[in-house]
Every structure is written in C-alpha cells, then in structure tokens.
Amino acid sequence: MRKIGVLTSGGDSPGMNAAIRAVVRKAIFHNVEVYGIYYGYQGLISGDIRKLEIGSVGDIIHRGGTMLHSARCLDFKTEEGQLKGIEQLKKHGIEGLVVIGGDGSYRGAGALTKRGYPCIGVPGTIDNDIPGTDFTIGFDTALNTVIDAIDRIRDTATSHERTYVVEVMGRDAGDLALWAGLAGGAETILCPECDYNMEELIAKLIRGKERGKKHSIIIVAEGVGSAVDIAREIEAETHFDTRVTVLGHVQRGGSPSANDRVLASRLGAHAVELLIEGKGGRAVGLEKNQLVDYDIIEVLSHKHAIDRKMYDLSSELSI
Ligand code: ADP
C-alpha cells in the first residue's frame with residue numbers, strides 16, 4: 001500500500017489529533033503517503049482531500065478537537081454517497097482508509113468495507129461505547145473534566161447544603177456517568193442501561209440527610225431523561241434545595257489526558273500497520289493493555305455493555 005487516507009467523523013473527542021498524528025507519522029515512517037480527508041464523510045464525497053506531511057501534524061498532540069474537522073453526513077448513508085466516496089479515493093490513488101470516530105463512523109467504514117474498500121476503524125468517542133476495546137480515545141479526558149466539575153460542585157453544595165443533579169453526556173451509554181459517579185463519590189448514578197427506582201433514590205437522600213450529610217450529588221447520563229425533571233421531583237418529595245448542572249459540550253473539549261494521547265498513538269499506529277499488511281475491514285482496540293483488532297462488521301453487531309459489578313460497587317460505596 002503506497003497511499004492511505006485518514007478522516008475523523010461524528011462527534012469529536014480529545015485525542016483525535018494524537019491519533020491523526022500517529023497515523024501520519026507511522027505511515028511516513030514506512031514510506032507510505034498520507035492524505036487527510038477534511039470534514040469526515042462529507043469531505044470524502046466532495047473531495048476535500050489534501051496530502052499530509054510530517055510537519056502537518058506538528059504541535060497537535062496536546063490539542064483537543066480534530067485538525068481534520070468533523071461533520072455529520074446523511075448522504076454517506078446512501079449507496080450513491082458511498083460510491084462517490086470510493087470514486088474520490090480512487091481518483092487520488094488512495095488504497096486504504098483510517099476512520100477515527102464513534103459507532104456511526106464505524107457504520108460508514110463498515111459500508112465501505114462491504115463494497116470491498118479497505119478501511120480500519122479507530123475508536124474515537126468520549127462515550128466509551130465501542131465494542132472490541134476497553135477504552136475509546138477521549139473517554140479518559142472527558143471523565144477527568146467531569147470529575148473536576150463534580151469536585152467544584154461538591155464545594156458549593158456543601159456550603160449551601162444542597163442536592164445537585166449533574167447531567168453528563170451519554171445518550172445510550174452510561175460509562176461516563178458510571179465512572180464519574182464512582183470517582184466523584186456520587187450518591188446515585190443513573191445510566192441508560194440500568195433501571196432506577198425514584199422512591200429508593202429519594203429514601204437514600206433522606207437517610208443521608210438524617211445522618212448529617214451536607215450535600216448529595218446525583219449523576220445522570222443524558223439518555224436517562226431530563227435532569228431538570230428529576231431535580232423537580234426530588235425537590236417536590238424532599239423539600240431539599242435541589243439544583244441542576246448540565247455539563248454539555250465542555251466534556252468534549254480540552255487537552256487530551258496522557259492516557260488518551262498514549263491510547264491514540266498506539267491505536268493510530270496499529271491501524272496503519274494493518275493497512276500495510278494488507279488487512280482491511282478491521283476495528284482496532286486495546287484490551288488488557290494489548291493491541292487487538294476485530295472484523296469491523298462483527299464489532300458493529302455487538303453492543304457495548306456497562307460493567308454491572310462496578311455499578312453495584314458504586315451503590316455499595318454510597319450507602
Ligand atoms: P459517531 O461516529 O460519533 O457515532 P454519527 O452517528 O453522527 O457519529 O456518525 C457519523 C457519520 O457516519 C454520519 O454523519 C454518517 O456520515 C456516517 N454514518 C453513520 N451511520 C452510517 C451508516 N449506517 N452507513 C453509512 N454511513 C453512516
């Protein structure tokens with residue numbers, strides 16, 4: 001393989017730049033040319049494709065976001081869009097593609113794979129919801145951003161003896177809520193994967209107050225429902241001063257953590273190794289600190305599961 005392409009797609013995550021850098025430098029190290037495809041599948045269809053050199057990815061390892069930008073592209077879900085994309089790749093002589101993104105982006109890479117075009121998926125999302133890897137690029141950074149926010153909220157919650165409902169990202173996946181809740185010492189964690197009982201939640205808050213707790217923090221993944229509605233219900237039942245903080249897009253930005261930079265560097269380089277070996281249609285990951293790769297179509301047929309033991313532990317530690 002003499003020429004490969006790289007794109008970032010879907011929701012951005014901290015560490016995507018480190019992954020791009022790894023793809024570019026690893027490829028050039030092996031005398032393979034690299035082309036950056038800007039604005040995800042949108043740029044693939046329109047031909048927004050530029051050659052990247054060693055210096056093109058200088059000074060980005062510590063930056064959040066993605067230098068290749070990202071976009072959502074409905075056209076790529078159609079046969080016409082996918083064929084246009086392949087046509088552009090062929091026009092530029094690009095023989096394989098690295099796609100850095102979440103599950104939607106993987107579906108796009110899977111679609112290209114089914115059409116016989118070699119693609120490698122690199123998991124880049126703060127949601128940590130891609131099967132075939134213990135961690136996705138950006139999760140660790142987002143988690144630390146959430147923890148920083150919880151610590152600050154805890155200070156003011158204690159001063160004013162308040163209950164806080166903190167909404168974190170995660171439409172279908174509760175990893176961020178679960179890890180942040182455990183690391184932040186939250187009273188209750190509400191994840192999309194786990195049922196919850198409002199009466200029990202309220203009883204726990206009252207028990208805590210009775211034994212002298214000065215604050216309570218409830219972490220809600222956005223997919224569970226409105227944090228505002230949950231807070232209203234708590235306040236109506238308990239008459240505790242209850243506030244809501246929706247963290248929103250601050251969770252997506254910021255300089256990637258050391259762990260995310262290392263993960264991105266290892267996964268980006270592994271993706272290039274596979275393409276050089278002539279292996280397409282794979283999704284790379286890290287399991288038990290070992291690089292792995294799986295059939296990308298197969299990966300898409302699985303669903304990421306939350307760690308129930310960790311969820312139970314968080315309940316036990318917050319009695
Ligand atoms: P993420 O990758 O963060 O999950 P999205 O779900 O928005 O983000 O997906 C990113 C892009 O991947 C979409 O805008 C679309 O271009 C492409 N994509 C998503 N699903 C498919 C699909 N089933 N077939 C082809 N392309 C898809």
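The values are calculated or read from the model by the stated rules, or taken from the named source; none is laboratory data. Source: prediction; values computed, not measured. Cβ placement follows ideal geometry from the backbone for every residue including glycine, while neighbour counts extend to all protein chains displayed. Protein only, heavy atoms only, side chains kept; ligands, DNA and RNA dropped before computing areas. Shrake-Rupley method; radii C 1.70, N 1.55, O 1.52, S 1.80 Å.
So the values come out like this:
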read-out: Rough spin-label spacing in nm, given labels placed 7 Å along Cα→Cβ, for V246 and V292; value: 3.6
read-out: Highest to lowest packing among 28-40, 130-142, scored as the average C-beta count within 10 Å; value: 130-142, 28-40
read-out: The range 165-319: Cα Rg divided by the 2.2 N^0.38 Å rule of thumb; value: 1.30
read-out: Shape category assigned to the chain from the gyration tensor of Cα positions, a/c cut at 1.5; value: prolate
read-out: Charge dipole magnitude, Cβ of K and R +1, D and E -1 - the chain, Cα centre, debye nearest 20; value: 1100
read-out: Accessible area (Å², per residue) of the range 87-209, counting only protein heavy atoms and a probe of 1.4 Å; value: 37
read-out: Fraction of accessible area attributable to carbon and sulfur, the chain (%, probe 1.4 Å); value: 49
read-out: Separation in nanometres of the label points that stand 7 Å from Cα toward Cβ, at N197 and R2; value: 6.8
read-out: Neighbour net charge for G104 - beta-carbon separation under 14 angstrom, K R +1, D E -1; value: -2
read-out: Whether the range 3-144 is rounded, prolate or oblate, judged on the alpha carbon gyration tensor where a/c under 1.5 counts as rounded; value: oblate
read-out: Linear extension gain, E277 paired with T238, 0.36 nm per residue minus alpha-carbon span; value: 7.8 nm
